[in-house]
1. Counting pairs of alpha carbon atoms under 8 Å apart in space and at least six apart in sequence, what relative contact order in percent does the stretch 395-483 give?
2. From zero up to wherever the largest Cα-Cα distance of the stretch 141-282 sits, split into 10 Å bins and tell me the percent of pairs in each.
3. Over its Cα atoms, what ratio of radius of gyration to 2.2 N^0.38 Å does the stretch 277-391 give?
4. Amide H of ARG80: which non-local residues (sequence gap of 5 or more, or other chain) have their own amide H closer than 5 Å, using H built in the peptide plane?
5. By accessible area of protein heavy atoms, probe 1.4 Å, what ranking do MET501, MET290, MET82 get, highest first?
6. Return the FRET efficiency for the residue pair ASN262, GLN360: r is the Cβ-Cβ distance, R0 is 60 Å, and the value is rounded to the nearest 0.05.
7. So how do HIS194, HIS494, HIS420, HIS259 rank on accessible area, 1.4 Å probe, biggest first, that is with the largest at the start?
8. If all Cα-Cα distances of the stretch 73-176 are sorted into 10 Å bins from 0 onward, what percent lands in each bin, rounded to whole numbers?
Amino acid sequence: MPTVSVKRDLLFQALGRTYMTSEKQIISKEQGNVKAQGASDIVLYKIDVPANRYDLLCLEGLARGLQVFKERIKAPVYKRVMPKGEIQKLIITEETAKVRPFAVAAVLRNIKFTKDRYDSFIELQEKLHQNICRKRALVAIGTHDLDTLSGPFTYTAKRPSDIKFKPLNKTKEYTACELMNIYKTDNHLKHYLHIIESKPLYPVIYDSNGVVLSMPPIINGNHSKITVNTRNIFIECTGTDFTKAKIVLDIIVTMFSEHCENQFTVEAVEVVSPNGKSNTFPELPYRKEMVRADLINKKVGIRETPANLAKLLTRMCLKSEVIGDGNQIEVEVPPTRADVIHACDIVEDAAIAYGYNNIQMTLPKTYTIANQFPLNKLTELLRLDMAAAGFTEALTFALCSQEDIADKLGVDISATKAVHISNPKTAEFQVARTTLLPGLLKTIAANRKMPLPLKLFEISDIVVKDPSRDVGAKNYRHLCAVYYNKNPGFEIIHGLLDRIMQLLDVPPGEESGGYVIKASTEVLRSSLDGVLRSLSGVKALGS
């Protein structure tokens with residue numbers, strides 16, 4: 001959940017209201033002016049914002065949302081306008097296809113910044129980068145002083161050695177290779193280098209004079225750096241997710257278009273794709289959704305008239321009105337509410353506006369009696385008896401390396417039916433375990449200084465591929481036990497196996513349809529492993 005830091009005085013100014021909340025004011029009222037001397041007048045609110053409410057990630061969005069919720073203003077209508085002269089163009093070349101293939105852009109014309117507005121503008125970009133942009137992996141934002149540039153702009157990809165420019169807040173030019181080495185020690189930018197570091201081509205944006213605007217997603221050029229005095233801003237969003245890029249652009253321009261000379265208007269930019277197709281951005285889409293009032297009342301657990309429900313939704317910046325038979329509510333979803341994708345999202349907003357604390361708590365009309373899942377119940381009973389037999393339970397990771405389940409057990413990885421992780425963060429967690437044995441052996445290896453004997457067991461799930469399942473894999477509940485001592489202790493494991501089978505009412509002998517112990521035919525590293533592998537035949541007892 002993102003946390004937005006807002007200065008109290010700026011928020012009060014935007015709301016047009018003043019409240020007594022400073023440390024100095026509170027102490028003065030409670031203990032007198034003398035005690036209040038030296039206390040701070042500056043108050044910083046840290047507000048937790050839902051991760052999907054991108055329109056609340058800055059002061060402008062928060063203040064606007066509160067004003068609309070309190071019905072002091074109506075939700076603004078955002079408009080895309082065409083420029084008086086020639087429209088700005090962003091041309092995408094085919095070289096970007098394998099790096100960051102998508103780009104969108106817009107212009108904020110005649111904007112008026114103050115120091116606080118400028119700081120809010122920069123902070124919003126950072127919040128979006130960390131949130132919907134997934135640390136710039138999906139989308140990267142670039143903002144530039146349009147008056148220092150000359151369109152049309154070209155978004156292309158070049159070899160790192162062919163890219164040379166003066167990056168943001170630097171005094172000399174560097175090649176892309178040099179910049180990547182420099183930023184490896186930068187506490188802020190080093191986290192984004194891996195996105196393009198291994199690519200043969202790096203994305204870059206030029207203007208018509210060959211001036212570099214940015215090398216997304218790493219750094220902007222210093223030439224087009226925006227300042228408090230910037231009046232016209234060119235905003236570009238590049239990425240690997242076209243939908244996310246459009247949402248990010250819409251959020252930025254809708255939040256800060258209120259500081260433009262013509263409020264809530266955004267100048268369009270034409271983006272030309274490699275295939276020659278042109279699109280105009282930002283889209284600023286408004287769409288209509290239909291939801292029944294009785295559905296909202298049923299899902300939330302309230303009894304409100306359709307008119308009242310429409311009013312509640314309007315307070316959430318979802319302009320609504322009752323139509324049709326009087327039970328239908330038409331909801332207009334603005335471009336700032338990309339989080340509304342289904343009727344259930346509209347129902348949730350109605351509940352928020354009504355107030356969760358105002359919903360009367362009632363007992364469910366349908367009574368149900370909960371029962372423990374049979375497999376879990378069997379597992380718990382077996383755990384107790386394993387502990388009673390003197391064994392200690394171990395809880396190991398469900399993910400492991402390929403070596404753990406294959407090479408170290410003398411098994412080919414293709415024969416394990418293991419589920420592989422597509423993007424493992426470490427070599428220790430490459431696949432889902434197909435047996436519990438490696439985890440217990442690693443536990444023993446890490447506890448060799450403990451006094452012997454070590455008697456360990458684990459009852460947990462393993463995962464194997466199963467094409468018949470909709471997810472392509474299936475869980476099985478396995479049991480594995482290990483006895484580690486200077487002597488083999490086969491009789492200990494044998495006795496444990498017999499006890500487990502007795503508890504499960506499984507008789508010994510093949511003739512009676514029971515269990516037998518056979519020598520392992522697999523190639524293992526030692527006789528101890530052979531004994532343990534024989535025990536792993538107990539693994540399917542819980543199924």
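1. 28 percent
2. Calculated P(r), rounded to whole percents: 10, 40, 36, 13, 1.
3. 1.74
4. VAL266
5. Ranked list, largest accessible area first: MET82, MET290, MET501.
6. Using R0 = 60 Å, I get an efficiency of 0.80.
7. Ranked from most to least accessible, the order is HIS194, HIS420, HIS494, HIS259.
8. Over the stretch 73-176, the share of Cα pairs per 10 Å bin runs 10, 30, 43, 14, 2, 0 percent.
The values are calculated or read from the model by the stated rules, or taken from the named source; none is laboratory data. Here the structure is a predicted model, which means the values were calculated and not measured. Cβ atoms come from the backbone with ideal geometry, glycine included; neighbour counts cover every protein chain shown. Surface accessibility is based on the protein's heavy atoms, side chains included, excluding ligands, DNA and RNA. Shrake-Rupley method; radii C 1.70, N 1.55, O 1.52, S 1.80 Å.
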